[in-house]
Amino acid sequence: MALPDLSIRRPVATAMAFLAIVMLGIIAFTRLPVDLLPDVAFPTLTVWTQYPEAGPAEVERFITEPIERAVSRVPGVKSVSSVSREGASQVQLQFLWGTDMDFATLNVRERLDNVRYDLPERAERPTILRSDPTSEPVMTLAATSETTDLWELKQLSENVFKRRLEQIDGVAQAAVAGGLEREIHVKVDPGRLEALGVTIDEVSVALDAANYSAPGGTIRRGRYRYSLRALGEFQVVDEIGETVVGRSTGGTQVLLRDVAQVEDGFADRETIARYSGRESVGLLLYKESGTNTVRVAERVEDILQQLRAEYPEVELAVATSQAGFISDAISNVVQALAFGAVLAFLVLFLFLHDARYPVAISLSIPISVILTFGL
């Protein structure tokens, strides 16, 4: 029996089959991952190697060229390009489309391990970076405040905001950018060092030995064994100045405050975050693989509302979000489908002068689309 005859003889069964297809498609549609870019693995690998205190010519000769010779023999490599700059080498590998990048990464790592001992001792272990379009942050938040300074704002962002955001279902990581990093500066006076007979190496060794914690063994009490630890790290800045750094020519102890000035300051800034012309602390949110970007953004908005209520002195704003662009794109697609269905119905109705056939055709198109969601 042909399919059209079976559909006519069994109208109820046919209607139930189409209803099941529609229900399955709707359920699948609600669970589909929504992302800005498709899950595509670009056939590109980057080998990044740091060689501190070396010029570009040395980096090219001792780092870049050995790595290029090693990785150029990896199967599937299409082209190799490199950039040598002061203290760092970057070698980019372009593979043929269709290459298994997981297998290619293992091959590259094996070749790099073979040449590891041919590189200079001061060179760090080469790092392999993969080109992944989904590694970009899905949301960027900005934390600003009129009453809280940048250092306190960054501490609040790292200890509170970052942890709260990482607890959201679908958020893989929250990174903090901008702000100030606390750093203790020890400014040594060369004249005092020479007068007291102390070298800068003795000062460095004394500071390293004084600010040290080490295991202290174990003790047993009944059935339990407890680990001990000797805590010798500095607790306050004033303790640093009391460190004994050596002995003078007369045999007296020389303290750090006798030859240096200790300041509680901030590290040199490498990144600056600004929002609406004001300096702020940025929070970069990365989502888990396969999760719905729009739903993750909605959960983040809910948590932001709670944080704004708990910390009214801090202004938390969404600087960028992929969810808005994705929602607009989906809305445009839905509108195009609706307009297309209406125009198709009107054209068929004007030509056929009968509403039954246009209705049947208008229903078959969306049902076919809904079926693809289930597949």
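The values are calculated or read from the model by the stated rules, or taken from the named source; none is laboratory data. Computed from a prediction, not measured in an experiment: that's the story for all the values here. So basically every Cβ, Gly included, is an ideal-geometry build from the backbone, and we count neighbours across all protein chains shown. The protein model used for the area step is the full one, side chains on, heavy atoms only, and it has no ligands, DNA or RNA in it. Shrake-Rupley method; radii C 1.70, N 1.55, O 1.52, S 1.80 Å.
Values as computed for the structure displayed
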| read-out | value |
| --- | --- |
| Filtered residues of the stretch 292-321 (kept if among the small types (Gly, Ala, Ser), farther than 17 Å from ALA172 by Cβ and either open to solvent by 90 Å² or more (accessible area, probe 1.4 Å) or within 20 Å of the chain's Cα centre (by Cα) (or both)) | ALA317, ALA319 |
| Test: residue in the stretch 174-185 that is open to solvent by 60 Å² or more (accessible area, probe 1.4 Å), farther than 30 Å from GLU310 by Cβ and among the acidic types (Asp, Glu) | no |
| Single match in SER84, SER89, SER79 (criterion: exposed (fewer than 14 other Cβ atoms within 10 Å of the Cβ) and assigned to a strand (DSSP E or B)) | SER79 |
| Qualifying residue in the stretch 321-328 (condition: farther than 15 Å from ASP35 by Cα, out of contact with any Pro (no Cβ under 8 Å at 6 or more places or on another chain) and of a type in the set (Ser, Thr, Tyr)) | no |
| Single residue of ALA309, ALA319 found to be of a type in the set (A, V, I, L, M), without any contact (Cβ under 8 Å) to a residue 60 or more places away in the chain and within 24 Å of GLY179 (Cβ to Cβ) | ALA309 |
| Filter result for VAL347 (in contact with a strand residue (DSSP E or B) (Cβ under 7 Å, 6 or more places away or on another chain) and β-branched (Val, Ile, Thr)) | no |
| For ASP208: the one exception among (1) open to solvent by 80 Å² or more (accessible area, probe 1.4 Å); (2) more than 42 Å from the chain's Cα centre (by Cα); (3) of a type outside the set (A, V, I, L, M, F, W, C) | (2) |
| Selection from the stretch 92-112 of residues that are in contact with a Leu (Cβ under 8 Å, 6 or more places away or on another chain), under 21 Å from GLU124 (Cα atoms) and in a helix (DSSP H, G or I) | THR105, VAL108 |
| Residue match in the stretch 259-266 (condition: open to solvent by less than 90 Å² (accessible area, probe 1.4 Å), under 26 Å from GLU152 (Cα atoms) and not charged (D, E, K, R)) | yes |
| Restricting the stretch 328-375 to residues that are in a loop (DSSP other than H, G, I, E, B) and open to solvent by less than 80 Å² (accessible area, probe 1.4 Å), the residue that is nearest to ALA20 (Cα to Cα) | ALA355 |
| Cross-chain or 6+ apart pairs with Cβ under 8 Å, the stretch 1-29 first and touching a residue at least 60 places away in the same chain (Cβ under 8 Å), then loosely packed, with under 11 Cβ neighbours inside 10 Å and part of a helix (DSSP H, G or I) | GLY25/THR372 |
| Those residues of the stretch 31-56 which are over 27 Å from the mean Cα position of the chain (by Cα) and open to solvent by less than 80 Å² (accessible area, probe 1.4 Å), in sequence order | ALA54, GLY55, PRO56 |
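Let's see how each residue does on (1) among the polar types (S, T, N, Q); (2) under 21 Å from GLU58 (Cα atoms); (3) at pLDDT below 90:
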{"site": "SER89", "(1), (2), (3)": "yes, yes, no"}
{"site": "LEU93", "(1), (2), (3)": "no, no, no"}
{"site": "ASN114", "(1), (2), (3)": "yes, yes, yes"}
{"site": "TYR117", "(1), (2), (3)": "no, yes, yes"}
{"site": "ARG130", "(1), (2), (3)": "no, no, yes"}
{"site": "THR134", "(1), (2), (3)": "yes, no, yes"}
{"site": "VAL138", "(1), (2), (3)": "no, no, yes"}
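Let's see how each residue does on (1) under 36 Å from the mean Cα position of the chain (by Cα); (2) in a helix (DSSP H, G or I); (3) surrounded by 10 or more Cβ atoms within 10 Å (Cβ to Cβ):
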residue: GLU202; (1), (2), (3): no, yes, yes
residue: ARG225; (1), (2), (3): no, no, no
residue: GLY232; (1), (2), (3): yes, no, yes
residue: GLU239; (1), (2), (3): no, yes, yes
residue: GLY250; (1), (2), (3): no, no, no
